[in-house]
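Taking it in order: structure first as structure tokens, then the write-up.
The values are calculated or read from the model by the stated rules, or taken from the named source; none is laboratory data. Keep in mind the model is a prediction, meaning the values are calculated, not measured. Please note: Cβ atoms are built from the backbone with ideal geometry, for glycine as well, and neighbour counts cover all protein chains shown.
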Amino acid sequence: MSEIHTSSSGESHGSVTSYVIGFVLAVILTVLAFAVVATHSLSPSGTILALSVLALVQVVVHLHYFLHMGGGSEQRWNNMCFVFTVGFVAIFIIGTLFIMNNTAIHMMSR
Amino acid sequence: MAHDTTVQTAGHDEHHHESPVVFGFWVYLMTDCIIFGSLFATFAVLRNQFNGGPSGHQLFEISGLAIETALLLISSITYGFGMIAAHKNEISKVIMWLGVTFLLGLGFVGLEVNEFANMIHEGAGPDRSAFLSAFFTLVATHGLHVTCGLIWIVTLIVQLMGTTAIPERMMNKLTCLSLFWHFLDIVWICVFTYVYLASMV
């Protein structure tokens with residue numbers, strides 16, 4: 001019985017291998033992010049860009065290997081919800097930065 | 001009894017349908033994501049408003065940050081191992097992994113509280129500048145979530161003690177906490193990248 005149980009839920013809930021792969025990737029990406037800052041090997045804007053790319057990749061790694069997000073039909077509602085939230089937050093953050101930056105320029109506070 | 005439950009769960013999981021409880025919790029996490037998004041936006045606007053006070057470059061230490069990050073990252077995989085044990089119905093292993101996750105999380109919160117106490121002691125509290133207000137609000141909100149996660153872990157450990165099988169209801173609770181815990185790790189990725197590391201550039 002337990003065999004059926006494991007095989008039916010093993011894929012969507014992850015295995016030891018998938019957790020270890022996710023963990024190793026996460027450690028590599030984290031160490032890279034810290035190394036970029038600690039070694040000052042890039043220009044300031046280059047460092048920020050590198051950090052953003054590393055963070056984005058790591059978030060995707062965590063979503064896939066730890067939160068088990070995927071493209072399957074059974075996760076359709078989860079994914080729709082997620083896409084809406086990410087879109088909302090992106091508009092929200094970019095919009096805030098744009099408006100506040102614009103305000104600051106016009107008020108000559110910088 | 002255990003036999004019955006397992007068969008039932010297997011039947012329900014046939015097409016990997018998540019229970020409505022887990023989906024509802026996912027929706028909650030998305031709203032939580034909006035809270036953190038707004039706090040990140042606030043921080044991004046105020047990140048250079050030092051008011052003559054200390055900047056992130058002067059306050060943050062990369063070694064402490066590395067230890068905090070490592071603790072949270074390792075706690076993610078230990079919780080994952082706990083979930084695998086739960087699917088195999090190995091309750092003592094689940095309790096052991098949850099315990100390890102709890103200790104790692106506790107270490108994280110302890111380091112964070114210590115960091116905050118040192119900063120406030122040095123006169124760099126949330127009342128010093130807009131930058132520090134935004135910093136404390138954002139990072140402490142994350143820390144508060146982790147603390148709630150710790151309470152939740154203890155609750156589930158107590159509920160699991162002395163039981164011999166993991167019914168579907170318990171599995172849902174463990175799955176929700178799993179989502180919560182891994183979600184907090186994702187928020188922490190954004191925190192250590194944009195709040196700490198970006199200030200040290």
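Condition check ((1) at the interface with chain B (Cβ under 7 Å from one of its Cβ atoms); (2) part of a helix (DSSP H, G or I); (3) at pLDDT 95 or above) across all residues:
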residue	(1), (2), (3)
A:S9	yes, yes, no
A:T30	yes, yes, yes
A:A33	yes, yes, yes
A:V53	no, yes, yes
Subject >> Per-region count, segment A:65-100, residues over 30 Å from B:I77 (Cβ atoms), over 19 Å from the mean Cα position of the chain (by Cα) and more than 8 Å from every other protein chain (Cβ to nearest Cβ) >> reply: 3
**OP:** Please list, ordered by first then second residue, the pairs with beta carbon atoms under 7 Å, 6 or more apart or interchain, first in segment B:37-64 and on the phi > 0 side of the Ramachandran plot, second in a loop (DSSP other than H, G, I, E, B).
**Re:** B:N51/B:S129
Original post:
Quick one: B:T193 ticks every box in (1) in a helix (DSSP H, G or I); (2) over 19 Å from the mean Cα position of the chain (by Cα) bar one, so which box is it?
Top reply: (2)
Subject >> All positions within segment B:37-62 that are at the interface with chain A (Cβ under 8 Å from one of its Cβ atoms), within 17 Å of the chain's Cα centre (by Cα) and over 22 Å from A:V37 (Cα atoms) >> reply: B:G37
Original post:
Can you name every residue in segment B:103-155 that is of a type outside the set (A, V, I, L, M, F, W, C), touching a Gly at 6+ places or on another chain (Cβ under 9 Å) and surrounded by fewer than 16 Cβ atoms within 10 Å (Cβ to Cβ)?
Top reply: B:N114, B:G123
**OP:** Name the single residue, out of those in segment B:37-61 being in contact with a Leu (Cβ under 8 Å, 6 or more places away or on another chain) and hydrophobic (A, V, I, L, M, F, W, C), that is nearest to B:I186 (Cα to Cα).
**Re:** B:F40
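Yes or no, residue by residue, for (1) within 26 Å of B:P54 (Cβ to Cβ); (2) not small (G, A, S):
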| residue | (1), (2) |
| --- | --- |
| B:I91 | no, yes |
| B:E115 | yes, yes |
| B:M119 | yes, yes |
| B:E122 | yes, yes |
| B:S129 | yes, no |
| B:L160 | no, yes |
| B:K173 | no, yes |
| B:Y196 | yes, yes |
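Conditions (1) hydroxyl-bearing (S, T, Y); (2) in a helix (DSSP H, G or I); (3) buried (at least 17 other Cβ atoms within 10 Å of the Cβ), marked per residue:
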{"residue": "A:Q58", "(1), (2), (3)": "no, yes, yes"}
{"residue": "A:H64", "(1), (2), (3)": "no, yes, no"}
{"residue": "A:M69", "(1), (2), (3)": "no, no, no"}
{"residue": "A:N79", "(1), (2), (3)": "no, yes, no"}
{"residue": "A:V83", "(1), (2), (3)": "no, yes, no"}
{"residue": "A:F88", "(1), (2), (3)": "no, yes, no"}
{"residue": "A:M100", "(1), (2), (3)": "no, yes, no"}
{"residue": "A:A104", "(1), (2), (3)": "no, yes, no"}
